[in-house]
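This report refers to the structure that appears directly beneath it.
The values are calculated or read from the model by the stated rules, or taken from the named source; none is laboratory data. Predicted, not measured: the structure shown is a model, and the values here were computed from it. Cβ placement follows ideal geometry from the backbone for every residue including glycine, while neighbour counts extend to all protein chains displayed. Just so you know, the surface numbers come from the protein's heavy atoms only, side chains and all, with ligands and any DNA or RNA stripped out. Shrake-Rupley method; radii C 1.70, N 1.55, O 1.52, S 1.80 Å.
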Amino acid sequence: RYKAGRDLYSSPPVSDGIVYFGSWDGCLYALDVRDGSLVWKFHLPYGVFDSGAPVVHDEKVFLPSTINFYCVDAKTGKILWKFRPPYSHMHFNATCAVHSGRVFLSGEVALTQAWIFCVDEETGNLIWKHPGGGLNGPAVANRKVYFGSHVDPFFYCVDEEGNGDGTTTCLWKFRMGDVVIESCTAISDGKAFILCSDGYLYAFK
């Protein structure tokens, strides 16, 4: 076991012999899975939230935080890039999805605005954005991105590629009984599953 500075949050991914997790002390920790020794830790200047888990992919760690969304080197903890859209009080507090060289992340403003952003995995440059997400994470399958929203009751399916002008196309949406808070879409057997605040689990073909 390993004692961090404060209580811990979300789920710890494991990759290449290293386990990663965040703490309310504002740090992302990387430990050796064999003996729990510290490999590195990265301090986020504005702290972390508790709902979004780090994601490890292509020797990078993708991490939501209070102010910025970070990409750090999985072996060293060095910042590779950070994403900050031009919105005041934008927070990132949901697990992202990574697919085909792109990162799909969710941001919110004071529980009144919610956006899904698609950014380049290597640079963090914005490719497109679409309303939705916020306090819930997206999933990617069949060249489509699936997500709910915490500011409206819709479940969205949008095109993964985008239109080349900073937007993407909504392929369909479904009005549920309430919003989605602190849930990530799951994809299995040709269906998208999401937990809704109305008390139902929804499955979409």
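Residue under question is Leu171, and the condition is that it be part of a loop (DSSP other than H, G, I, E, B) and touching a residue at least 24 places away in the same chain (Cβ under 8 Å); does it hold?
Considered against the rule, which asks whether it is part of a loop (DSSP other than H, G, I, E, B) and touching a residue at least 24 places away in the same chain (Cβ under 8 Å), Leu171 comes out as no.
Anything in the stretch 127-150 that is crowded, with 20+ Cβ neighbours inside 10 Å and assigned to a loop (DSSP other than H, G, I, E, B)? List them, or say none.
Residues satisfying the conditions are Gly132, Gly134, Leu135, Pro138, Gly148, His150.
I'm checking my understanding of the structure. Among residues of the stretch 76-95 that are of a type in the set (Lys, Arg) and without any contact (Cβ under 8 Å) to a residue 40 or more places away in the chain, which one is most open to solvent (accessible area, probe 1.4 Å)?
Checking each candidate, the answer is Lys78.
Does the stretch 132-146 hold any residues that are farther than 22 Å from Ser11 by Cβ and in contact (Cβ under 8 Å) with a residue 24 or more places away in the chain, and which are they?
Gly132, Lys144
Only one residue in Val19, Val14, Val33 is over 23 Å from Gly137 (Cα atoms) and surrounded by fewer than 19 Cβ atoms within 10 Å (Cβ to Cβ). Which one?
Exactly one of Val19, Val14, Val33 is over 23 Å from Gly137 (Cα atoms) and surrounded by fewer than 19 Cβ atoms within 10 Å (Cβ to Cβ), namely Val33.
Here is a list: Ile187, Ile116. Which entry is open to solvent by less than 40 Å² (accessible area, probe 1.4 Å), among the aliphatic types (A, V, I, L, M), within 27 Å of Tyr70 (Cβ to Cβ) and in a strand (DSSP E or B)? Full working, then the answer.
Details: Ile187 fails: open to solvent by less than 40 Å² (accessible area, probe 1.4 Å).
None of the other options fit; the residue is Ile116.
Being under 22 Å from Glu160 (Cβ atoms) and surrounded by fewer than 18 Cβ atoms within 10 Å (Cβ to Cβ) is the filter here, so list the residues in the stretch 101-111 that pass it.
Passing the criteria: only Gly101.
May I ask you to list the residues in the stretch 54-72 that are open to solvent by less than 40 Å² (accessible area, probe 1.4 Å) and either at pLDDT 95 or above or in a strand (DSSP E or B) (or both)?
Residues satisfying the conditions are Val55, Val56, Lys60, Val61, Phe62, Leu63, Pro64, Phe69, Tyr70, Cys71, Val72.
Of the residues Gly164, Gly124, only one is outside any strand (DSSP E or B), over 21 Å from Ser10 (Cα atoms) and open to solvent by 10 Å² or more (accessible area, probe 1.4 Å); which?
Selected residue: Gly164, the only one of Gly164, Gly124 that is outside any strand (DSSP E or B), over 21 Å from Ser10 (Cα atoms) and open to solvent by 10 Å² or more (accessible area, probe 1.4 Å).
With Val158, Val98 as the choices, which residue is aliphatic (A, V, I, L, M), part of a strand (DSSP E or B) and buried (at least 19 other Cβ atoms within 10 Å of the Cβ)?
Just one listed residue meets the conditions, Val158.
Could you list all residues from the stretch 127-137 that are farther than 18 Å from Ser65 by Cβ and in contact with a Cys (Cβ under 8 Å, 6 or more places away or on another chain)?
Answer for the stretch 127-137, where residues must be farther than 18 Å from Ser65 by Cβ and in contact with a Cys (Cβ under 8 Å, 6 or more places away or on another chain): Ile127, Trp128, Lys129, His130.
Go through the stretch 36-47 residue by residue and tally those that are touching a Cys at 6+ places or on another chain (Cβ under 9 Å) and either open to solvent by 70 Å² or more (accessible area, probe 1.4 Å) or not in a strand (DSSP E or B) (or both).
3
When the stretch 17-33 is examined, which residues are found to be modelled with pLDDT of 95 or more and part of a loop (DSSP other than H, G, I, E, B)?
Gly17, Val33
Name, by its number, the condition in (1) without any contact (Cβ under 8 Å) to a residue 12 or more places away in the chain; (2) open to solvent by 80 Å² or more (accessible area, probe 1.4 Å); (3) of a type outside the set (A, V, I, L, M) that does not hold for Phe193.
For Phe193, the failing item is (2).
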